[in-house]
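Everything on this sheet refers to the single structure shown next.
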Amino acid sequence: MSGPPPPDSPPGTAPAAHPALARALELSAPLIAVLLALAAGAVLIAAARENPLAIYGLIAHACFGTGYGFGQMLFKATPLVFTGLAVAIGFRAGLFNIGAEGQLYLGGFAAAMAALALARAPAPLPLVGALAAAAAAGAVWGAIPGVLKARFGAHEVINTIMMNFIASALVAFFGRRVFQVATLRTAEIPAAAALPRLAAWFHALRGSAANVSLGLAALLALATGWLLFRTRLGYALRAVGLNAPAAEYGGIAIGRTEVVALAISGAVAGLRGVNYVLGYNHFFELGFSAGAGFLGIAVALIGRNHPIGVIVAALLFGALSHGGLVINERVPKELVEMLEALVILCAIAVQEATRRAARALR
């Protein structure tokens with residue numbers, strides 16, 4: 001009578017650990033998610049009786065085939081870097097900031113109002129004042145749900161969602177006195193407050209709307225990385241996000257850290273408005289945000305809440321946004337929106353699957 005099969009390893013020994021492989025698997029999760037989304041998108045394109053490779057080739061050529069297309073991709077990616085960083089900072093502290101839409105909306109309005117108020121001031125005061133007003137408006141709007149959570153335990157998801165509606169109503173109410181008749185926008189900001197187009201230095205980008213706010217977004221990404229991984233405040237944010245009770249036991253004030261995290265998140269989101277107000281149209285217009293705050297959640301998710309990952313994810317969504325305009329004649333424009341949604345869904349599923357697999361390898 002045969003006994004049970006021999007075990008794979010001697011009794012009392014743990015399975016072999018592969019920490020490097022586990023780390024590589026976790027880091028590859030966004031790439032796997034994108035590839036799966038592109039594969040699912042190819043099925044949808046084929047269902048529309050088009051060649052998936054040809055459609056993807058058109059998107060790539062639209063973004064990288066010409067200087068104008070590359071500039072437009074950068075322009076569309078720029079606001080996503082701001083909102084992606086804003087959401088990532090909240091995520092690192094264990095907070096889900098759904099209010100980036102309202103924060104950037106108020107930030108854009110505050111930037112326009114500050115620029116107009118400083119129209120007669122010497123340069124660079126109008127620009128500096130507009131940037132400071134945008135960051136301050138977003139910071140205040142982000143800190144409010146932080147205080148509500150720290151003081152009363154109110155959940156930040158509900159609070160930040162409601163704050164989006166309040167921000168929109170406030171701008172519409174106070175803007176009635178400054179909006180031009182029948183245009184629902186402010187007057188043009190002074191030239192001293194405008195951010196120049198990148199085409200002024202890079203002629204290959206001529207015609208595109210890419211502007212200096214791209215450099216500001218890159219600087220904010222560097223600053224965010226320094227804050228999160230090189231400062232005591234960043235350590236406190238990450239500690240609270242990983243294990244709030246343990247962080248509190250270690251002497252970190254949970255409530256104060258949450259307020260600061262959402263205030264910083266709001267300030268970064270508020271600066272997103274300068275891309276449109278100071279760098280593109282040079283005026284504030286009702287409804288200019290167009291859901292960019294919510295798309296920042298997807299950017300932070302794909303970028304794994306890391307500044308470098310946020311930049312890469314923003315470029316991906318910027319490419320899809322600009323490329324979607326080119327393929328609109330061959331496939332429905334909703335296809336790009338579906339592809340963006342597929343990327344998000346795949347990221348959620350793959351992240352959980354890779355996390356479990358990596359845990360088994362450690």
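Just so it is clear, none of the values below were taken in a lab; they were calculated from the coordinates. Quick caveat: nothing in here was measured; it's all calculated off a predicted structure. Here Cβ is always computed from backbone atoms with ideal geometry, including for glycine, and neighbour counts include all displayed protein chains.
Things to note:
- Summed side-chain charge close to G175 - residues other than G175 whose Cβ falls under 13 Å, Lys, Arg +1, Asp, Glu -1: +2
- Close amide H contacts of N211 (hydrogens built in the peptide plane, cut-off under 5 Å, sequence separation of 5 or more or a different chain): L198.
- Rounded tilt (10° steps) of 254-271 against the dominant C-alpha axis of the chain: 50
- Förster radius 41 Å - calculated FRET efficiency between A154 and A121 (Cβ-Cβ, nearest 0.05): 0.55
- Separation of segment 333-361 and segment 68-97, taken as the distance between their Cα centroids, equals 18 angstrom.
- Sorted largest first, the principal axis extents computed over the alpha-carbon atoms of segment 244-362 equal 58, 42, 20 Å.
- Multiplying the residue separation of I308 and W226 by 0.36 nm and removing their Cα-Cα distance gives an extension gain of 28.3 nm.
- Against the main long axis of the alpha-carbon atoms of the chain, helix 29-47 sits at an angle near 80°.
- Model label sites at A48 and F173, defined 7 Å from Cα along the beta-carbon direction, differ in position by 4.3 nm.
- Degrees separating the helix 52-64 axis from the principal Cα axis of the chain, which is the longest one: 50
- In this calculation the C-beta distance from A244 to E188 is compared with R0 = 51 Å, giving a FRET efficiency of 0.60.
- Between R355 and R23, the modelled label-to-label distance comes to 2.0 nm, taking each label 7 Å out from Cα in the direction of the beta carbon.
- Using the empirical formula 2.2 N^0.38 Å as the baseline, the Cα radius of gyration of the chain reaches a ratio of 1.12.
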